[in-house]
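Just below is one structure, and these are the notes that go with it.
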Amino acid sequence: MGQHWFLIWGIICGLCVSAELERFQQPSKGDGSLSFLVIGDWGRRGAFNQSQVAFQMGKIGEKLDIDFVVSTGDNFYDNGLSGPHDPAFEESFTNIYTADSLQKRWGDAEAQLSSLLRKIDSRWLCLRSFIVDAEVAEIIFVDTTPFVNSYFLDPEDHTYDWRGVNPRKHYITSLLKGVECALRESSAKWKIVIGHHAIKSIGHHGDTPELATHLLPILKANGVDFYMNGHDHCLEHISDTESPIQFLTSGAGSKAWRGDVERRNREGLKFFYDGQGFMSVELTQSDAEIVFYDVYGKILHTWNAGKQLVDHSSM
Ligand SMILES: *[C@@H]1O[C@H](CO)[C@@H](O)[C@H](O)[C@H]1NC(C)=O
């Protein structure tokens, strides 16, 4: 019996070690709290209200004394960066998010030449998938692009960089294992997963069924609190109907107002805004507050969640 368990334990640990995602430390504030902003789909050299959103982020960032910024991807329009010396990086990032409060680490959910760009702007942390261990929260960045079937089957005029992704099936299996292991082993109060594509959205692109099939069950089984994404150029909050997970879209960093929302009734829909803006997250051991802002810094929607303090006397 003992030997049997030892063997199973060995297999589980072995799998976790081999699938381990790179991990970065982000200390909480002195009082144990953490705050950050979430922005997506932004890089247009300041156009389409990008600069106005950046200005408001600077103000709210200062007010909340943020620890870092999360980018939900699609950072450089229209075609990403041609290389590390593409001026778009500075024109759409370094020269736009100039406020003191935004001179923090930027973690991003899509790979964008991290190590070379970090030499140009040290804020940039952008790998395919990785973990930020922020004490009160475990934040897992998941590279969701390889999940989307149509990018492989029908890429149209897009070119995708699949270096390191093929063979795709193996890549996805190992990534999911890494996410599952990290979540299972985490003792952080808040578990947050960040991807570029929405699991649930009523915006232009809508749901990503591949993520609902493969990623969502792992999030549900491991007590994830928030899934955050961009891709749809809007701000949005949908509560899962079968678990405590909140789906939060912040993809409104520049071009928005698409006007083609699926206005069908979506169960759990709490908030949808078609225009530009961003989101803030404040976490303590017992409470979370999510706030969405528009281009003027006006609060559009607030969501509070609480954690039951564990009652050790009954355990
Ligand atoms: C900029 O934001 C304002 C206020 O939401 C909006 O009326 C305007 O259309 C936006 N401009 C663009 C180019 O999206």
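Each value in this text was obtained by applying a stated rule to the coordinates, not by laboratory testing. Predicted, not measured: the structure shown is a model, and the values here were computed from it. Cβ coordinates were reconstructed from backbone atoms using ideal geometry, including for glycine residues, and neighbour counts include every protein chain displayed.
What is the sum of charges around residue 198, taking Lys and Arg as +1, Asp and Glu as -1, for the other residues whose C-beta is under 9 Å from the C-beta of residue 198?
-2
Can you pull out the trypsin sites (Lys or Arg not before Pro) in segment 207-315 that DSSP calls coil and that have at most 10 other Cβ atoms within 10 Å?
Counting only loop positions with at most 10 other Cβ atoms within 10 Å, the trypsin sites (Lys or Arg not before Pro) in segment 207-315 are 263, 264, 298.
Using helices alone, I'd like the mean residue ellipticity at 222 nm for the chain: each DSSP H run of four-plus residues gives -39500 (n - 2.57), total over residue count, nearest 500.
It lands at -7000 deg cm²/dmol.
Based on DSSP, what percent of beta bridges with both residues in segment 2-314 are antiparallel, to the nearest 5?
The antiparallel proportion sits near 55 percent.
Across segment 38-48, in residue order, what do the Karplus-derived ³J(HN,Hα) couplings come to in whole Hz, using 6.51 cos²θ - 1.76 cosθ + 1.60 with θ = phi - 60° and x for Gly and Pro?
Karplus-based 3J(HN,Hα) across segment 38-48 equals 10, 9, x, 6, 10, x, 10, 6, x, 6, 6 Hz.
Suppose every K and R has +1 on its Cβ and every D and E has -1 on its Cβ; what is the size of the dipole of segment 2-314 about the Cα centre, in Debye to the nearest 20?
Taking the Cα centre of segment 2-314 as origin, the dipole is about 200 debye.
Is segment 164-257 rounded, prolate or oblate when judged by the Cα gyration tensor, a ≥ b ≥ c being the square roots of its eigenvalues, rounded requiring a/c under 1.5 and prolate requiring a/b larger than b/c?
Taking the square roots of the gyration eigenvalues as a ≥ b ≥ c, segment 164-257 is oblate.
Averaged over all directions, how much area does the convex hull of the C-alpha atoms of the chain cover when projected, in nm²?
So the mean shadow area of the Cα hull is 18.0 nm².
Roughly how many debye, to the nearest 20, is the charge dipole of segment 246-301 about its Cα centre, given +1 on each Lys and Arg Cβ, -1 on each Asp and Glu Cβ, and no other charges?
The dipole of segment 246-301 has a size of about 280 debye.
Need the full-extension length gain, residue 85 to residue 100, defined as separation in residues times 0.36 nm minus the C-alpha distance. One decimal, nm.
Computed gain between residue 85 and residue 100 is 3.0 nm.
Give the residue list of trypsin sites (Lys or Arg not before Pro) in segment 58-144 that are DSSP loop and have at most 10 other beta-carbon atoms within 10 angstrom.
none
Count neighbours as other Cβ atoms within 10 Å of each site's Cβ, and list the GluC sites (Glu not before Pro) in segment 216-306 that are DSSP loop with at most 13 such neighbours.
Those that pass, being in a loop and sparsely packed, are 242, 262, 267.
Tell me, how many Å apart are the Cα centres for segment 223-301 and for segment 48-127?
20
Where in the chain are the helices, taken as whole DSSP H runs, whose Cα atoms extend 18 angstrom or more along the long axis and whose Kyte-Doolittle mean reaches at least 0.5?
Passing helices, by number: 2-18.
So between residue 258 and residue 204, what do we pick up on full extension, going 0.36 nm a residue minus the alpha carbon distance?
18.7 nm
What is the extension gain from residue 161 to residue 120, computed as 0.36 nm multiplied by their sequence separation minus the C-alpha to C-alpha distance, in nm to one decimal?
12.6 nm
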